[in-house]
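Quick note: the coordinates plus some simple rules give every number you see, no bench work behind them. Since the structure is predicted, the reported quantities are computational estimates derived from the model, not experimental observations. Backbone-built Cβ (ideal geometry, glycine too); neighbour counts: all protein chains shown.
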Amino acid sequence: MPHSVRHEPTPLEIVKDNDMEGKLLGKWAVITGSSSATGIEIVRALAATGLRLILPVPNQARAIVILGDAYNPNRMEFVTIDHTSLDSVREAAKHIISKTEKISLLVCNETATPSPSLQLTKDGFEMQFATNHLSHFLLFQLLKPELLAASRPRFQSRVIMVACAEHRKRGLNGRGNYNFEKEGYNSAIAYAQSKTANVYMANEIERRYGTRGLHAFSTNSGRFIAGELQQDGGESLHQNPQSETGGKSCARGTSTTIWGAIGREWEGKGGINLSHCTDAPSGDSEENMPSTTGTENTYNPAEEARLWEDSLDMIGLLDDQ
Ligand SMILES: NC(=O)c1ccc[n+]([C@@H]2O[C@H](COP(=O)([O-])OP(=O)(O)OC[C@H]3O[C@@H](n4cnc5c(N)ncnc54)[C@H](OP(=O)(O)O)[C@@H]3O)[C@@H](O)[C@H]2O)c1
């Protein structure tokens with residue numbers, strides 16, 4: 001690789017191209033948001049590597065139906081989780097840890113359905129920030145010992161934060177305004193903030209734990225549509241490979257995530273935003289930016305550190321460094 005958007009491979013092709021079929025037997029992965037169209041494709045591809053999968057989902061019976069033929073009871077187990085509740089995340093983490101002491105891969109794919117009006121979780125946080133970011137931040141903190149314990153020179157542990165190009169639209173709200181306390185609520189901005197948080201969290205994980213063999217990437221994949229590569233507003237992805245408005249199938253929409261999760265070229269690396277199966281270098285400005293380029297909302301060490309500190313405070317944990 002790298003691939004252009006035009007030639008972005010499918011997740012299973014990435015597994016094959018990286019010679020990863022069955023190569024991760026004996027290792028464990030945790031994937032959130034698996035009971036979704038994108039989740040199915042992530043599960044299918046990672047199962048092909050031999051990974052044993054723990055799938056935290058809100059409703060296990062529903063997840064089995066949604067996963068369909070991607071579900072293999074011999075290689076996958078469910079844990080109940082509600083990302084709107086930090087207590088539920090703590091409970092889910094306990095169940096996960098009771099199943100394995102080593103986790104090689106954590107994929108954070110879950111996302112809340114946005115509401116047009118401000119909604120707070122029972123813990124008092126804005127819904128998208130809480131579910132897309134805080135719940136994953138807590139899950140990571142609780143699974144960190146298992147992620148560190150699993151790291152091996154041939155496959156160092158990885159965290160994949162499934163973000164979105166929308167993160168470029170907005171950085172974090174200021175301190176004391178994460179929940180829109182100081183401005184009117186805007187659902188799109190709230191989504192962008194939560195996705196920026198995903199990107200920053202990956203960068204900060206790398207900064208803090210990369211040298212201990214625990215790495216992290218964030219991924220953008222563009223808009224997904226069911227079915228194969230689709231027309232969008234009369235323009236297909238093939239005609240405009242850099243277009244963020246061009247849709248792609250759910251399978252191709254998860255290619256970047258799988259590339260980050262098992263791609264051999266990423267061994268021992270991290271802190272990179274992967275976009276359409278390329279790494280996203282820093283761009284000059286948002287206006288000039290092709291869709292695979294990062295902005296200060298992609299790489300911003302001061303803001304990454306602020307988010308980390310504030311998130312620890314919000315979930316009631318102390319810094320371990
Ligand atoms: N869709 C796109 O076009 C697009 C574009 C760029 C990036 N992304 C990113 O890709 C990821 C997946 O997106 P998607 O469109 O596949 O999402 P989706 O279809 O909305 O699915 C969301 C998943 O999260 C789960 N979920 C929602 N609320 C939950 C809760 N409170 N507790 C536990 N699980 C919960 C859902 O479970 P149930 O359905 O079982 O409730 C489902 O598995 C997200 O991180 C999103 O930001 C998506």
Notebook entry, point to check: For region 101-169, max minus min Cα coordinate along each principal axis, in Å, sorted largest first?
Noted result: 47, 28, 15
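Can you work out D for region 11-315 in µm² s⁻¹ from Stokes-Einstein, where Rh is the Kirkwood radius over C-alpha pairs, the temperature is 25 °C and the viscosity is 0.890 mPa s? Provide the component values of the computation, followed by the final result.
On the way: Rh = 19.2 Å.
My calculation gives 128 µm²/s for D.
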Check: Going by average Cβ neighbours within 10 Å, how do the peptides 88-101, 57-70 rank, with the highest at the top?
Finding: 88-101, 57-70
Next item on the list: Quote the FRET efficiency, to the nearest 0.05, computed for Leu120 versus Gln141 with a Förster distance R0 of 30 Å and r equal to the Cβ-Cβ distance.
Entry: 0.85
Next item on the list: Excluding Val30 itself, calculate the net charge of residues whose Cβ lies under 14 Å from the Cβ of Val30, where each Lys or Arg counts +1 and each Asp or Glu counts -1.
Entry: +4
Next item on the list: Would you calculate the separation in nanometres between label points at Asn59 and Leu25, each defined as 7 Å from the Cα along the Cα-to-beta-carbon direction?
Entry: 3.7 nm
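Taking 0.36 nm per residue of separation and subtracting the Cα-Cα distance, what length does fully extending Asp17 through Ala149 add? Write out the running numbers ahead of the final one.
On the way: separation 132, 0.36 × 132 = 47.52 nm, distance 2.78 nm.
That works out to 44.7 nm of additional length.
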Notebook entry, point to check: region 195-213 to region 129-152: how many Å between their Cα centroids?
Noted result: 11 Å
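Between Asp69 and Ile97, how high is the FRET efficiency from 1/(1 + (r/R0)^6) when r is the Cβ-Cβ distance and R₀ = 30 Å? Nearest 0.05. It would help to have the intermediate numbers written out before the result.
On the way: r = 30 Å, r/R0 = 0.98.
In this case the efficiency is close to 0.50.
Cα-Cα over 28 Å: which of Lys23/Lys144; Lys144/Lys169; Lys122/Lys269; Lys94/Lys182; Lys94/Lys122; Lys27/Lys122? Present the calculation step by step, with values, prior to reporting the outcome.
Numbers: Lys23/Lys144 23 Å; Lys144/Lys169 30 Å; Lys122/Lys269 37 Å; Lys94/Lys182 36 Å; Lys94/Lys122 21 Å; Lys27/Lys122 35 Å.
Among Lys23/Lys144; Lys144/Lys169; Lys122/Lys269; Lys94/Lys182; Lys94/Lys122; Lys27/Lys122, the Cα-Cα distance tops 28 Å for Lys144/Lys169; Lys122/Lys269; Lys94/Lys182; Lys27/Lys122.
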Notebook entry, point to check: How about region 158-211: which trypsin sites (Lys or Arg not before Pro) there are in a DSSP loop, with at most 14 other Cβ atoms within 10 Å of their Cβ?
Noted result: Arg175, Lys182
